[in-house]
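Enquirer: The following block contains the structure, expressed as structure tokens.
The values are calculated or read from the model by the stated rules, or taken from the named source; none is laboratory data. Treat the numbers as computed from the prediction; the structure is a model and nothing was measured. Virtual Cβ from ideal backbone geometry, glycine too; neighbours counted across all protein chains shown. SASA here: full protein model, heavy atoms, side chains in, ligands and nucleic acids out. Shrake-Rupley method; radii C 1.70, N 1.55, O 1.52, S 1.80 Å.
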Amino acid sequence: MNLEEMTAFLTERGYPRFRAGQLYQWIHCKLASDWDQMSNLPKSMRQQLAEETELTRVRMIDRQVSKIDGTQKYLFAMPDNSLVESVFMRYKFGNSVCISSQVGCRMGCRFCASTLDGLIRSLTPAEMLEQVYEITRVTGERISHLVVMGTGEPLDNYDNLVRFLELLTDPNGLNLSQRNVTVSTCGIVPRMRQLADLGLSITLALSLHAYTDEKRREIMPIANRYSIAELMEACRYYFSRTGRQITFEYSLIKDVNDAEEDAAGLAALAGPLKAHINLIPVNPVKERGYRHPDDRAVRAFKNKLEKHGINVSIRRVLGRDIDGACGQLRHRHLSGDGQKAD
Ligand code: SAH
């Protein structure tokens with residue numbers, strides 16, 4: 001519930017309005033983990049809340065801390081015991097959390113571990129928030145940045161995503177700056193346009209990964225639904241409505257999309273949009289057999305893009321020693337290689 005809904009809920013039950021402010025603060029600022037902590041609320045009110053509502057909690061099943069860079073990977077169980085992953089990363093500019101938006105994924109990208117077991121269900125707004133809140137509780141550190149780049153396709157869970165973003169950036173709650181939020185999509189065109197119409201100041205990242213429809217279809221089934229031309233039109237629209245520059249994600253896969261002509265084709269798409277390109281050397285997923293180009297080849301690809309005047313960064317590789325890439329920790333647990341979920 002947002003504050004308005006919480007106020008309606010409580011006043012309908014005869015409580016004064018200020019109780020909603022207190023309750024909202026307990027849940028979204030002080031990150032209370034159960035009703036009994038809410039010491040300035042009357043006991044009878046806490047009892048009634050416990051009976052009539054649910055305070056969504058996630059349970060930490062596993063946590064891996066990278067010895068290389070301190071990145072922390074979390075495996076959380078949702079109230080129904082579904083498993084999702086989240087990641088905590090420290091950067092110079094602040095702490096960033098990467099959350100999952102669905103349990104599994106149905107987009108079927110060939111290089112991605114999150115989709116290997118299919119889609120189980122979408123996460124609720126509370127389940128997305130709780131990933132951020134629980135990591136804050138565990139680390140005791142403030143989180144300033146959020147990326148929706150974990151398991152799942154956020155725009156395949158559109159309404160819940162928008163509600164989650166509203167709560168996360170609510171000045172009455174944790175008050176994360178919209179400018180520090182990035183939502184990554186494989187490119188569901190109508191939803192990209194819908195998001196643009198909300199006029200939020202969040203960054204939209206498009207997982208492009210190929211510069212022709214033909215090549216994109218080989219690695220991303222969603223490319224059979226929407227063409228690159230439609231995607232570029234949706235990106236232009238997003239920029240025109242929000243003033244926010246688009247990011248292209250490009251996972252570099254050796255001998256698949258790392259040739260000279262790929263760089264030129266990618267530059268031709270990014271140039272007119274002034275899109276920023278984020279290169280991600282593909283994280284090898286055992287089941288898939290894709291490999292990343294070596295560091296020199298990655299840098300060479302970056303240089304080629306830069307010669308075309310494109311703004312490029314190479315995704316810093318964090319947590320490679322801890323199943324860092326999308327879906328790897330969860331997949332390992334589900335396939336029985338890891339410790340049991342209970
Ligand atoms: N469904 C959303 C967000 C989740 S994935 C999307 O498609 O954008 C976040 C990014 O990681 C996407 O760009 C995705 O294509 C990329 N990715 C997934 N598996 C990867 C892997 N094994 N190596 C490198 N990048 C990967």
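Enquirer: Pairwise over distinct Cα atoms, reciprocal of the mean inverse distance: report the Kirkwood radius of the stretch 1-55 in Å, one decimal place. The partial results should precede the final answer.
Expert: Details: mean 1/r = 0.0900 Å⁻¹.
Across the stretch 1-55, the inverse of the average 1/r is 11.1 Å.
Enquirer: For the stretch 123-238, just list the percent of Cα-Cα distances falling in each 5 Å bin from zero outward, please.
Expert: 2, 11, 21, 22, 18, 11, 8, 5, 2, 0
Enquirer: Sticking with this structure for a sec: Using mean Cβ contacts within 10 Å as the protection proxy, how do 202-209, 248-255 order, highest first?
Expert: Details: 202-209: 23.0, 248-255: 20.6.
My ranking of the peptides, most packed first, is 202-209, 248-255.
Enquirer: Among the complete DSSP H segments of the chain, which ones combine at least 20 Å of alpha-carbon extent along their axis with a mean Kyte-Doolittle hydropathy of -0.5 or more? Numbers along the way, then the final one.
Expert: Numbers: long enough: 125-139 (22 Å, -0.16); 228-242 (21 Å, -0.07); 260-273 (21 Å, 0.54).
For the chain, where a helix must reach 20 Å along its axis and average at least -0.5, the hits are 125-139, 228-242, 260-273.
Enquirer: Here's a follow-up. Just to be sure I understand: if I project the alpha-carbon convex hull of the stretch 186-230 onto a plane and average over all orientations, what area do I get in nm²? Display every interim value, and only then the final one.
Expert: Details: hull surface 12.6 nm².
Value for the stretch 186-230: 3.2 nm².
Enquirer: Rounded to the nearest 500 deg cm²/dmol, what is the calculated helix-only ellipticity per residue at 222 nm for the chain, with -39500 (n - 2.57) per DSSP H run of length n ≥ 4? Before the final figure, lay out the partial values.
Expert: Values: 11 runs with 123 residues, N = 342.
-11000 deg cm²/dmol, from helical runs alone.
Enquirer: Given the convex hull of the Cα atoms of the stretch 1-130, what is a quarter of its surface area in nm²?
Expert: On the way: hull surface 42.6 nm².
Averaging across all directions leaves 10.6 nm² for the Cα convex hull.
Enquirer: Also, quick follow-up: Using a 1.4 Å probe over the heavy atoms of the protein chains, calculate the carbon and sulfur portion of the accessible area of the chain as a whole percent. Please report the intermediate quantities before stating the final value.
Expert: On the way: 7230 of 15420 Å².
Answer for the chain is 47 percent, counting heavy atoms of protein chains only.
Enquirer: Return the ratio Rg/(2.2 N^0.38 Å) for the stretch 268-313, where Rg is computed over Cα atoms only. Could you put the intermediate results ahead of the total?
Expert: Working: Rg = 12.6 Å, N = 46, 2.2 N^0.38 = 9.4 Å.
The stretch 268-313 yields a ratio of 1.34.
Enquirer: Which entries of Lys274/Lys307; Lys215/Lys304; Lys67/Lys302; Lys215/Lys254 show an alpha-carbon separation above 18 angstrom in the structure shown?
Expert: Values: Lys274/Lys307 14 Å; Lys215/Lys304 20 Å; Lys67/Lys302 28 Å; Lys215/Lys254 14 Å.
Listed pairs above 18 Å: Lys215/Lys304; Lys67/Lys302.
Enquirer: What fraction of the DSSP beta bridges in the chain is antiparallel, stated in percent and rounded to the nearest 5? Before the final figure, lay out the partial values.
Expert: Working: 20 of 43 bridges.
Antiparallel: roughly 45 percent of the beta bridges in the chain.
Enquirer: Which of Asp170, Asp80, Asp62 ends up with the largest GNM mean-square fluctuation for the chain, with Cα atoms connected below 10 Å?
Expert: Judging by the Gaussian network model, the answer is Asp80.
Enquirer: Give the span of the stretch 150-301's Cα atoms along each principal axis, as three whole-Å numbers ordered largest to smallest.
Expert: Sorted largest first, the three principal extents are 49, 32, 28 Å.
Enquirer: Using the Cα centre as the reference, give the magnitude of the dipole from point charges on the C-beta atoms of the chain (Lys, Arg: +1; Asp, Glu: -1; all else neutral), rounded to the nearest 20 debye. Before the final figure, lay out the partial values.
Expert: Working: 45 positive and 42 negative charges, 172 e Å.
Charge dipole of the chain: 820 debye, to the nearest 20.
Enquirer: Counting other C-beta atoms within 10 Å, and keeping those with at most 12, which DSSP coil GluC sites (Glu not before Pro) do you find in the stretch 255-290?
Expert: Listed in order of number, the matching sites are Glu287.
Enquirer: Follow-up. Which residues' amide hydrogens lie under 5 Å from the amide hydrogen of Phe248, considering only partners 5 or more residues apart or on another chain, with H built in the peptide plane?
Expert: Leu206, His276, Ile277, Asn278
Enquirer: Here's a follow-up. Explain nothing, just the number: relative contact order of the chain, from Cα pairs under 8 Å at least 6 residues apart, as a whole percent.
Expert: Details: 613 pairs, mean separation 51.3, N = 342.
Here the relative contact order equals 15 percent.
Enquirer: So what is Rg over Rh here for the stretch 58-337, counting just Cα atoms and using Kirkwood for Rh?
Expert: Numbers: Rg = 17.8 Å, Rh = 19.0 Å.
A ratio of 0.94.
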